[in-house]
1. Right, ILE392: over 24 Å from GLY245 (Cβ atoms), crowded, with 16+ Cβ neighbours inside 10 Å and aliphatic (A, V, I, L, M) or not?
2. Search segment 571-585 for residues that are more than 24 Å from LEU353 (Cβ to Cβ) and pair each with any residue that is at pLDDT 80 or above and surrounded by 14 or more Cβ atoms within 10 Å (Cβ to Cβ) when their beta-carbon atoms are under 6 Å apart and the residues are at least 6 apart or on different chains.
3. What number of residues within segment 520-552 are touching an Asp or Glu at 6+ places or on another chain (Cβ under 7 Å), open to solvent by 60 Å² or more (accessible area, probe 1.4 Å) and not polar (S, T, N, Q)?
4. Take segment 69-99 and flag every residue that is in contact (Cβ under 8 Å) with a residue 40 or more places away in the chain and in a loop (DSSP other than H, G, I, E, B).
5. Looking at (1) of a type in the set (S, T, N, Q); (2) more than 16 Å from the ligand (Cβ to nearest atom); (3) buried (at least 24 other Cβ atoms within 10 Å of the Cβ), which is the only condition THR295 fails?
6. Could you please tell me which pairs satisfy a Cβ distance under 7 Å, a separation of 6+ or placement on different chains, a first residue in segment 140-168 that is hydroxyl-bearing (Ser, Thr, Tyr), and a second residue that is within 12 Å of the ligand (Cβ to nearest atom)?
7. May I ask you to list the residues in segment 180-206 that are open to solvent by 70 Å² or more (accessible area, probe 1.4 Å), away from the ligand (no atom under 16 Å from the Cβ) and not in a helix (DSSP H, G or I)?
8. Pull up segment 253-287, narrow it to residues that are open to solvent by 20 Å² or more (accessible area, probe 1.4 Å) and on the phi > 0 side of the Ramachandran plot, then point me to the one that is farthest from the ligand (Cβ to nearest atom).
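The values are calculated or read from the model by the stated rules, or taken from the named source; none is laboratory data. These numbers were taken from a predicted model, which means no experiment stands behind them. All Cβ positions, even for glycine, are placed from backbone atoms using ideal geometry, and neighbour counts span all protein chains on display. Protein only, heavy atoms only, side chains kept; ligands, DNA and RNA dropped before computing areas. Shrake-Rupley method; radii C 1.70, N 1.55, O 1.52, S 1.80 Å.
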Amino acid sequence: MFDKILIANRGEIACRVMETARALGAKTVAVFSDADADSKHVRLADEAVYIGGSAPADSYLRGEAIIAAALETNAGAIHPGYGFLSENPDFVEAVEAAGLVFIGPSTEAIRKMGLKDAAKALMEEAGVPVVPGYHGAAQSPDILQKAADAIGYPVLIKAVAGGGGKGMRLVEKRKDFEASLESARSEAITAFGNQNVLIEKYVQKPRHIEMQIFGDGDTVVHLFERDCSLQRRHQKVIEEAPAPGMTEEMREAMGSAAVRAAEAIGYKGAGTVEFIVDASDGLRTDRFWFMEMNTRLQVEHPVTEAVTDVDLVEWQLRVAFGESLPQKQSELKINGHAFEARIYAEDVPKGFLPATGRLTHLTFPEIARTDSGVRAGDYISPWYDPMIAKLIVHGPSRDAALRQLETALRNTDIAGTTTNMSFLSLLAKQSDFAAGNVDTGLIERHIERLAMEPIADSKTRTVAALCAMGMLSSPETKPKSSLVMWAPLTHSVSMTHQKEIFEARVTVFGTGRYEVDLGNVQHKVCFAQDSWWVDQTNVTARMVKFGQELTVFWGGAFVFHILDPLKCEEEIDVGGNVVSAPMPGLVKSILTTVGCRVAKGDKLVILEAMKMEHALLAPRDGLIESILTNEGAQVEEKNALIVLENVDEDFVK
Ligand code: MV4
């Protein structure tokens, strides 16, 4: 085995690779950026090398700095993880030119799969089914239009250099073709510097089923399929293996097609062949088509590991070191069913807006495998993908695994940042998904219900109020003794939940005996038989308090803010004068100066967030009193940026 490997990545995948490397006796070298100086992957590594600034272009995409780090630390090989440089053939070339081993496929294999038109032609030649369409070199609008007419509408225009849906246009009718072509092209030239497109028959309600393959440069095997149909805007949400409804015949057809695809490029290492499947009439061997090949280890690889009992990173390291495949095709078997759910720091009701924040609390249940690159206390920065963790569950059947997924989600406690936990829990319970009726449009069809933020009921508010007052901190803690001398005492607390302010009045009748009045409803709370009760309901809630923020985990995570009456007034008072960031982002430009008079609607700040620019406008006429940020600053959601002073009525001309 290698003595030492460098991991050219960050987060959970860097941690994942290091764990296997260590188990195989290889030392590990981490690389890190400014934002990651104190991160988990740095702590896990035997050595760590600083490679630059927080922006990926200044660190994790700097191939030459990463190669220098490997040479400097005497690492013999580089594992690229996924994303960043993992599918960059120039990087592979540079790694090998430096005398190091790239843990992954050859430059040539990556290049052959890089462009969709060439890859499709190659696959056709190898006898792999491809979606009917046109992928020729001639690109005049006239020829493309004729090709689309011949295929028959609806058709999809896809950028040959595209990925993740970029440069892709659905054309329903002939008359829309020309405009769609133009728009796909202009997006493709901006995003990829390549305006070539291909045309395909549009597959309605498709499923995304991919085959995990593995090669040693000589032999290729497949490790069965994963179903990744549960996506939103090309972001996978929940993946599973095997695919619901998969038959032995279909698996054999897709598996051997995937193996042919990999053999056609002499593949070495872990790879994934993605297929699009028309499942409108069950899974049929004449209704799956090659879409693309990913020449790397994928985010969702753990579901394959769960059902095959193979450590794919171990295979990667062994094969890169020169060993042949550890198992033959005939030795590989599927055992049970596995799901993976991706937990993100994101605000689902706000259109899945990426969120940032410090994880004040983070615990995972024992029943799931958890792959995570963060620990409690870590900061989810705006620089990288905001994934917090992947939960992977494995059970003897799909139903059993799905129940485990629900249990695992219910018992994952995260506080300090907004997450998609509620969305994942609702999705895990969705009836079509539960029945295995999945397709790539499922999430979008049910988005309204899935994206709803649950509102705490009165029993949860009662628990929150008692926790805010220090009377209840967990389902197990015994009550503090309360001496009630003459008449029962009443205390009150104001809290906000989901932007609503409510007051709870708590009357103490004795030790562990309270009544909580929420105005419209009252609950009796008592401690009896070693546990707490709200009326007849046993309190199983877990509570986390951090400053004024209180999170109650009780069939969901419910966040409350305890209001300090004095502070509260102050905030309300200044509210109309402050322009604050609606989301985390980068201050691109400030369009005003202190003392400047502005009118309602004037642009004050341009904020760049999620690759888009947002203009923050003056909420009313006024004078700029102060500017609390500067150009180039990274700001958090709700950060105050500009303060307005009232314009004196007489002063206005
Ligand atoms: C398609 C398709 C329907 N018909 N091709 C989306 C991203 C890119 N990798 C390919 N994609 C699609 N190609 C034909 N001929 C539908 C999609 C598609 C999709 C594919 C897989 C998973 C999710 C998807 C969501 C929307 C569209």
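1. When the stated conditions are applied, ILE392 does not pass them.
2. ASN577/VAL643; ASN577/LEU644
3. So the answer is 2.
4. THR73, ASN74, ALA75, GLY76, PRO80, GLY81, TYR82, GLY83, PHE84, LEU85, SER86, GLU87
5. (2)
6. TYR153/VAL171
7. Residue satisfying the conditions is GLN195 alone.
8. Residue satisfying both the conditions and the ranking: GLY266.
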